[in-house]
Amino acid sequence: MVVGTLIILFGIYKLVKGGSTLLSLGIIGFGILFIYSYFRVQKDKEASNTDRSTIILDEIQGADNIDINLSKYSEESQLIVLKNKTIGIGHDNFEIKKFINFDSIMKLEVKINNATIGSYRESSNNIVREIIDSITVYIHTQELTEELVFKLDTHDAKETQEKYREIEKGLKRFQVILGDNGDVENTNSTDTKSIPEQIKEYKELLDINAITEEEFETKKKELLKN
């Protein structure tokens with residue numbers, strides 16, 4: 001759209017400066033056509049995305065069957081966890097899609113990829129903090145490994161980090177749900193945690209509404225039995 005606007009402005013400039021009227025009007029017309037084509041492509045793309053979303057809803061038996069929806073954060077990778085113990089994964093806004101039963105999942109790996117940023121102060125002290133740069137999910141099935149990459153690109157850094165936290169929260173809940181069905185692994189955690197530490201982690205998930213009170217109590221009882 002910016003290119004089209006620049007073309008129109010150039011045509012107006014030529015017209016004001018006394019250039020060929022026919023040529024100037026032709027340039028302006030080309031700019032208008034360029035902008036029209038841009039909006040037409042965007043409209044067609046939105047319509048296509050809407051059609052695919054409708055098809056997906058039909059295939060998963062409606063929105064009521066969705067437990068976790070991570071399909072709205074990235075056009076590159078999509079993940080939906082369903083209440084009927086099935087996940088739907090997609091690429092390029094579900095242009096490529098696949099459904100996998102929990103029983104087929106051998107291992108789930110979640111890798112949080114951090115980036116370090118800092119600012120320099122006169123006191124020669126660097127203020128450094130880590131932000132999430134992307135999240136990679138590996139779903140190992142009996143046949144192959146599915147890889148999903150959540151890489152957000154927005155101009156609002158705070159909003160981007162909030163969305164990453166929402167994705168992380170959804171994946172933690174997925175790990176809890178899948179825990180009864182397969183081997184769940186988070187690559188950020190390498191040490192074997194004690195039972196109190198595991199209960200504390202589940203309590204933290206409860207506090208951020210990643211799991212329900214009932215799920216927390218169930219997990220707590222299971223750990224205390226060991």
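The values are calculated or read from the model by the stated rules, or taken from the named source; none is laboratory data. In this text, all values refer to a predicted model and were calculated from it rather than measured experimentally. FYI the Cβ positions are ideal-geometry reconstructions off the backbone, even for glycines, and counts take in every protein chain you see. In case anyone asks, the SASA skips ligands and DNA or RNA and just uses the protein heavy atoms, side chains included. Shrake-Rupley method; radii C 1.70, N 1.55, O 1.52, S 1.80 Å.
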The stretch 115-226: strands (runs of 3 or more DSSP E) wholly inside it with 3 or more residues that are at pLDDT below 85 and more than 24 Å from E75 (Cα to Cα) are 126-141, 183-186
Residue pairs qualifying under the 9 Å Cβ cut-off, at least six apart or on distinct chains, with the first in the stretch 140-165 being over 16 Å from N113 (Cβ atoms) and the second being small (G, A, S), are H140/G182; T141/S104; Q142/S104; E143/S104
Any chance the stretch 59-77 includes a residue that's modelled with pLDDT under 80, open to solvent by 20 Å² or more (accessible area, probe 1.4 Å), within 21 Å of T145 (Cα to Cα) and of a type outside the set (S, T, N, Q)?
yes
Note on the stretch 210-226: residues touching a residue at least 24 places away in the same chain (Cβ under 8 Å) and exposed (fewer than 13 other Cβ atoms within 10 Å of the Cβ) are L224, N226
